[in-house]
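The values are calculated or read from the model by the stated rules, or taken from the named source; none is laboratory data. Since this is a predicted model, take the numbers as computed values, not measurements. All Cβ positions, glycine included, derive from the backbone under ideal geometry; neighbour counts span all protein chains shown. With ligands, DNA and RNA removed, areas are computed over all heavy atoms of the protein, side chains included. Shrake-Rupley method; radii C 1.70, N 1.55, O 1.52, S 1.80 Å.
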Amino acid sequence: LMENNIIYIPPVKDCSIVDIEANMAVHINSCFTNQNVFKISNTVKEEELPLLTYDYKFNKWRTGRYIGKLFFKYEGKKYCFEVIPRFGNAAIMHLLEEIFNIKLAQSQSSHKLNSNVQNELIKKLISIIWVKQLSKANVHGLPKNKIKREHKSLSVKGRIDLRKSILPLFNESLIVSNRIEKQVDPIIIAILSKAYKILCKHYFLSQNMLTESVKEVINSTTSFNSSTVTENQYQHIKYGSMYANYKTIVDFSWQIIKRKKNNIIQEENKETNDALFLDMAEIWENYLMTILKKRYAIDGWKVYSQKFNIYKQQRYKRGLIPDIIIEKNNNVVVFDAKYKNMSSHRNDYDRSDFFQIHTYGSFLESQNKKIIGLGLLYPLHERFDEDVLKNNFSNTLFGESVNESWFKVDGIQLTESLEDLVIQKEAFLSRFQKNLS
């Protein structure tokens, strides 16, 4: 399809075989960088993954876990390569709603992420999430810091500083006093302000999308100098307990700023016009973490992810990062979230995934944790029926009777129907509850 002198290659689904000429596939990979991927959180580890990989078994190219669009030039012509979600847009909307605890407009759910404007709908989605997150965060007003003000006059404001008062009192008849004041955190203000300007200019954020709460924040930022914030300043932001809910929106805003910086660098590459992708593996992992936290935190279970450094003194030191650890009274369940094809075909059960999750279990056992069970969690295809799920559960690790921990391959069927998706989510949580009991 050609429009506005851009040739639109027919959209392809994520984690799927693609019929594409080899030289163009290689060129697409050369135009794509992982900095084109918008991170919705800081949880998933950075990985340098290509947009397309060659599947030697099928002798075809295959898309990975990213969805979005790449506008690029190839042999003097302009092209658009688009990867769409294999489970449809409604499923992605539901996952994002759960993660951010927001309600996206239902009209958005019916949209296809294939508008011919450069990545318009993904950008609008990012803008909507930003607005809703900021509205939720601004419950107690903007985050404030305590600062020390020194006051030199005939009157006292706060506490007298005796040491500093001696000389002024002798020379000028003035008293030096100190008092603690609260001021709005300038680093947070600068980050929110910068993100807002980028969203307005590049992400189709319009005034009618703003809530009253967000307008209040935006109006407050105008009186501050939007100075350049460094990575170091961002990393050292301190949130008091009252303003802890601001961390998510500040992190999200920082991702917007980082992507803008990356775009400026990439614009020097004459082959790429625009590129923006979401990482479905990141969305899937965050979704699972969110629904498990919502269900089990109230019962005293801690649901978290953590990096464990191993062989710290050796040159081959490594970090183990289980995606999801569910722990209570030293009893743990460990899950690894895998955004791959899982249709119960024998080849879908990845050898390296099995070794990885069993390694996590063995390590936590070495830390005196009692392993209740281990599991790999995939987005499931419809052919996953009850019989398949039963066969994917082992009462013991390695199938050995001497072990008391269970092992399972499970997940949630992602569907275009929101009602069906909620039913599948509840069915997954119900199965897990039985395992936990």
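How many residues are part of a strand (DSSP E or B) and either among the β-branched types (Val, Ile, Thr) or closer than 20 Å to Lys338 by Cα (or both) if we restrict to the range 350-386?
10
So Ser344 ticks every box in (1) surrounded by 15 or more Cβ atoms within 10 Å (Cβ to Cβ); (2) modelled with pLDDT of 90 or more; (3) on the phi > 0 side of the Ramachandran plot but one. Which box is left unticked?
(2)
Yes or no, residue by residue, for (1) out of contact with any Pro (no Cβ under 6 Å at 6 or more places or on another chain); (2) in contact (Cβ under 8 Å) with a residue 40 or more places away in the chain; (3) charged (D, E, K, R):
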{"residue": "Gln306", "(1), (2), (3)": "yes, no, no"}
{"residue": "Glu327", "(1), (2), (3)": "yes, yes, yes"}
{"residue": "Asn331", "(1), (2), (3)": "yes, yes, no"}
{"residue": "Asn341", "(1), (2), (3)": "yes, yes, no"}
{"residue": "Ser366", "(1), (2), (3)": "yes, no, no"}
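For the range 295-313, enumerate the residues that are surrounded by 12 or more Cβ atoms within 10 Å (Cβ to Cβ) and among the β-branched types (Val, Ile, Thr).
Val303, Ile310 - these are the residues of the range 295-313 that are surrounded by 12 or more Cβ atoms within 10 Å (Cβ to Cβ) and among the β-branched types (Val, Ile, Thr).
Strands (runs of 3 or more DSSP E) wholly in the range 298-344 with at least 1 residues that are of a type in the set (Asp, Glu) and in contact with a Lys or Arg (Cβ under 9 Å, 6 or more places away or on another chain) - which ones?
Strands (runs of 3 or more DSSP E) meeting the threshold: 324-328.
Test of understanding: among Ile237, Ile188, Ile283, Ile264, which residue is more than 30 Å from Lys340 (Cα to Cα), in a helix (DSSP H, G or I) and modelled with pLDDT of 85 or more?
None of the other options fit; the residue is Ile188.
Taking into account only those residues within the range 391-415 that are part of a helix (DSSP H, G or I) and within 24 Å of Val332 (Cβ to Cβ), which is least open to solvent (accessible area, probe 1.4 Å)?
Leu397
Considering each residue of the range 63-97, count those that are touching a residue at least 24 places away in the same chain (Cβ under 8 Å) and within 19 Å of Ala275 (Cβ to Cβ), and give that number.
22
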